[in-house]
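The values are calculated or read from the model by the stated rules, or taken from the named source; none is laboratory data. Keep in mind it's a predicted model, so treat the numbers as computed, not measured. As a convention, Cβ positions derive from the backbone with ideal geometry for all residues, glycine included, and neighbour counts pool all protein chains shown. All accessible areas refer to the heavy atoms of the entire protein, side chains included, with ligands and DNA or RNA removed. Shrake-Rupley method; radii C 1.70, N 1.55, O 1.52, S 1.80 Å.
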Amino acid sequence: MIKANDPKLESWIEISEGSDFPIQNIPFGVVELRDGKLRCATRIGNYIIDLYSLAGYGYLDGLGIDDLRVFKKPYLNDFIANGRPAWRAVRDRISYLFEKNNSHIRDNIEEKSNILKHILDVKVKMPVKVGDYTDFYSSIEHATNVGRMFRDPDNALLPNWKHIPVGYHGRSSSIVVSGTDIHRPKGQTKSNDAKVPSFGPSKLFDFELEMAFITGKETQLGEHIKVEEAEDHIFGMVLFNDLSARDIQKWEYVPLGPFLGKNFGSVISPWIVTLDALEPFRIKGPKQKPEVLPYLQYEGNKSFDINLEVYLQPKNGEKNLICQSNHKYLYWNMSQQLAHQSVNGCNIKVGDMYGSGTISGPTPNSYGSMLELSWKGTKPIKLSDGSERKFALDNDTMIMKAYAEKDGIKIGFGECITKVLPATE
């Protein structure tokens, strides 16, 4: 068993009941301190742990990291590049140092004050510099719903869907961290009864409930990653709101796929939860039929039981729970996605990001987009203030949450928050 996953562990840091960040989590991120300095960090409860300060006192020596200055970099990429043994060793060391019976830092006032900062005293930043970004389309429920709405209800899935993890390359520069407001995009749209397109703000602004994984091991051009080796290349996961302008996308996507309808902003949660932390929540994935080709075949449990929630909050209003889904519904798992991404010799880099695609479940309340929840606007979503939504309005805030829970241990991702601002002039 991974030491840091021991469910019996307790921390000397106070942790409120129901926190996403018990000592068994130990995610990784980047924060800005009050003096403006950037630090790689982890989090237990409502306190962040400055990893550069921790390293400065010698607490991270001997863990296979060539240069401990990686923890003062503005992104986690250099730390991640040290590889899976180092990720696990650092996480285990942190677990040891902050376990309730360890007094090394707990009873040293100077060290504790430099290493620990309350979450309200820092600003979370983008945890990684995303070099390349792929968005998959791996939920069979979502793909089926979209196919029924826009193509043939009797043949909703395209012929390739059950044979390959369908995906496309998106734009990494517009991936931002939770709390970043996004302006309503402008572009060309064309209604069914119009002869020519028009230009203006999107009227069909939508969220897409996704999760994304971050790669932590490079390959060279021409190499490919075997499905059984894929997890050695995956550092961890984040929540991912891949925003979508449905009307812009509808007009532009034939023949080359999404473009302006997807690249105006995508939002991630700030803390990367490692695969090690998610180890206890592995489950068997959906039955894949027909049988996939040998390079996509796998053994063992490659899916994860992670609860997903989406809330919509109007301006000056209450949060409304509008979606409850689960990562386990994905038809194609992360190992298959990465194996397929690289099978043609595409090289993989540290910090690359791979979105799951919208994660919809089998019931209407588990659909992972407003497009599905309102069924293309024909079934408006009723909110607690009496208003209705077909798609997001200006000043609406979308709040996504994710957590895995088992045997009294909750491993959470924090929140992924996005406010919709009016289109710019």
Checking I119 against (1) open to solvent by less than 60 Å² (accessible area, probe 1.4 Å); (2) over 24 Å from the mean Cα position of the chain (by Cα); (3) more than 23 Å from D276 (Cα to Cα): exactly one of these is not met. Which one?
(2)
Hits in the stretch 180-215 - residues which are part of a strand (DSSP E or B) and surrounded by fewer than 19 Cβ atoms within 10 Å (Cβ to Cβ)
H183, K186, Q188, S198, F199, G200, P201
Of these, L338, L321, which one is in contact with a helix residue (DSSP H, G or I) (Cβ under 7 Å, 6 or more places away or on another chain), of a type in the set (A, V, I, L, M), farther than 19 Å from R246 by Cβ and at pLDDT 95 or above?
L338
Being open to solvent by less than 30 Å² (accessible area, probe 1.4 Å), assigned to a loop (DSSP other than H, G, I, E, B) and of a type in the set (S, T, N, Q) is the filter here, so list the residues in the stretch 5-62 that pass it.
S19, Q24, N25
For D352: the one exception among (1) open to solvent by less than 20 Å² (accessible area, probe 1.4 Å); (2) of a type in the set (D, E); (3) more than 30 Å from L76 (Cβ to Cβ):
(3)
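Looking at this structure, is Y75 assigned to a loop (DSSP other than H, G, I, E, B) and touching a residue at least 24 places away in the same chain (Cβ under 8 Å)?
When the stated conditions are applied, Y75 passes them.
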Count of the stretch 376-395 residues which are part of a strand (DSSP E or B) and in contact with a helix residue (DSSP H, G or I) (Cβ under 6 Å, 6 or more places away or on another chain)
1
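Touching a Ser or Thr at 6+ places or on another chain (Cβ under 6 Å) and either within 22 Å of I348 (Cβ to Cβ) or open to solvent by 10 Å² or more (accessible area, probe 1.4 Å) (or both): does that describe N114? Walk me through how you get there before you give the answer.
Values: touching a Ser or Thr at 6+ places or on another chain (Cβ under 6 Å): yes; either within 22 Å of I348 (Cβ to Cβ) or open to solvent by 10 Å² or more (accessible area, probe 1.4 Å) (or both): yes.
Answer is yes for this residue.
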Residues located in the stretch 406-425, provided they are out of contact with any Phe, Trp or Tyr (no Cβ under 6 Å at 6 or more places or on another chain), within 30 Å of E279 (Cβ to Cβ) and surrounded by 15 or more Cβ atoms within 10 Å (Cβ to Cβ):
I409, I411, F413, E415, C416, I417, T418
Hits in the stretch 301-355 - residues which are of a type in the set (S, T, N, Q), touching a Leu at 6+ places or on another chain (Cβ under 8 Å) and under 20 Å from A212 (Cβ atoms)
S303, Q324, S325, N326, Q336, N347
Matching residues in the stretch 305-330 - criterion: being surrounded by fewer than 23 Cβ atoms within 10 Å (Cβ to Cβ) and closer than 27 Å to A277 by Cα
D305, N307, E309, Y311, L321, Q324, N326, K328, Y329
Taking the stated definitions as given, is L239 touching a residue at least 24 places away in the same chain (Cβ under 8 Å), within 14 Å of M398 (Cβ to Cβ) and either open to solvent by 10 Å² or more (accessible area, probe 1.4 Å) or not polar (S, T, N, Q) (or both)?
yes
E218: open to solvent by 60 Å² or more (accessible area, probe 1.4 Å), under 22 Å from the mean Cα position of the chain (by Cα) and in contact (Cβ under 8 Å) with a residue 40 or more places away in the chain, yes or no?
yes
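Residues are listed down the side, and each one gets a yes or a no for (1) over 18 Å from L54 (Cβ atoms); (2) out of contact with any helix residue (DSSP H, G or I) (no Cβ under 6 Å at 6 or more places or on another chain); (3) touching a residue at least 12 places away in the same chain (Cβ under 8 Å):
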| position | (1), (2), (3) |
| --- | --- |
| H104 | no, yes, yes |
| D107 | no, yes, no |
| E111 | no, yes, yes |
| I119 | no, yes, yes |
| V122 | no, yes, yes |
| M126 | yes, yes, yes |
| V130 | yes, yes, yes |
| D135 | yes, yes, yes |
| T144 | yes, yes, yes |
